[in-house]
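What follows is calculated from the coordinates using simple rules that are stated; it is not laboratory data. Given the structure is predicted, the values throughout are model-derived calculations rather than measurements. Quick reminder, even Gly has a Cβ in these numbers, built from the backbone with ideal geometry, and neighbours come from all protein chains shown.
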Amino acid sequence: MGSILRPLSGRCCCATSIVKTHGPCASTGRLSRPWVFDIDQENATVYETSSGLNLLRQLDLKSRGFELEGNASLDNGWGFIASYSYNDVEITKLTSETVGNTLNSSPYHMFSLWADYEVQSGALEGLGVGAGVRYVGSSFGDNVHTPVLNNQARTFVDASVRYDLGAVNPSFEGVRLQLNATNLLNEVEQLYTTGFCYFDEGRKVVASMRYRF
C-alpha cells in the first residue's frame, strides 16, 4: 500500500516593472523589464522509474531566474513581440546523487520572436502575415544527468496568414479568415524525461473563420 502524498507548499520572491515606450513611428510599445523570481517548492511530485516501477516521489526544488518581454505596434502596419526566459531549477531534496542537480526536462534558456505585418491600403488591404521562431534550450533527460539521455536544443518556425473581409466589402465587417501553422519545418526530435520518451509535435496547420459582432 502506498502512502498519501504530502501537500505541496512553497515560497516565492518576485519583482518586476514595465516601461512604456514612444517613438516617431510607434503607436504603442511596451518593454517589460526582467521579472526576477526565486521560488522554493516543498513536496513537489514527480514520477520515478529508475527501479523499473512507475512510482510517484516527492522532492524539494529551488527555481531561480528571470523573464523579459517586449512588444511594439507601429503605425506602418508592423508589429513585433520578443521574449526570453532563464530558469535554473535545482533539486534541493531527493537522493544523494541528485541533490544540487538541475531538474530533468527543464531548459535554462527559452526565446521567441514574432513579426507581423498588415497591409494598410491598396488592393491587398486587410491582408496580414506573420512569422516567428521559438527556441528551446538543451536539458537533462534524467535527474542524475546521464549524458546519453540529454535533450538537444531545438528551434521551431511558425507562420500565419489572415484576411479581413470587411476591408473588401463593408457587409462582411467582422469576418476574418485565418491560417496558422506551427513547427512549419516539421522539426521533430525525441525528448527523454526520467523513463519516458516523447516526440515534439510535428507540423500543425489550422484554418479558421471568425465573426466578431
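Counting other C-beta atoms within 10 Å, and keeping those with at most 13, which DSSP coil trypsin sites (Lys or Arg not before Pro) do you find in region 117-213? Answer by residue number: 212.
Near residue 200, the amide H atoms lying under 5 Å from its own belong to 189, 191; only residues 5 or more places off or on other chains count, and H is placed 1.01 Å from N.
Electrostatic tally near residue 201: other residues with Cβ closer than 15 Å to its Cβ, Lys and Arg +1, Asp and Glu -1, net 0.
Summing charges over all other residues whose Cβ lies under 12 Å from the Cβ of residue 38, with Lys and Arg as +1 and Asp and Glu as -1, gives 0.
Net length available on complete extension from residue 96 to residue 180 is 25.6 nm, with 0.36 nm assigned per residue and the Cα-Cα distance removed.
Here the simple spin-label model places points 7 Å from the Cα toward Cβ, and for residue 133 and residue 173 these points are separated by 4.2 nm.
Grab the other residues whose beta carbon is less than 10 angstrom from that of residue 118, score K and R as +1, D and E as -1, and report the net. Local net charge: -2. Compactness of region 84-213, taken as the C-alpha radius of gyration over 2.2 N^0.38 Å, stands at 1.51.
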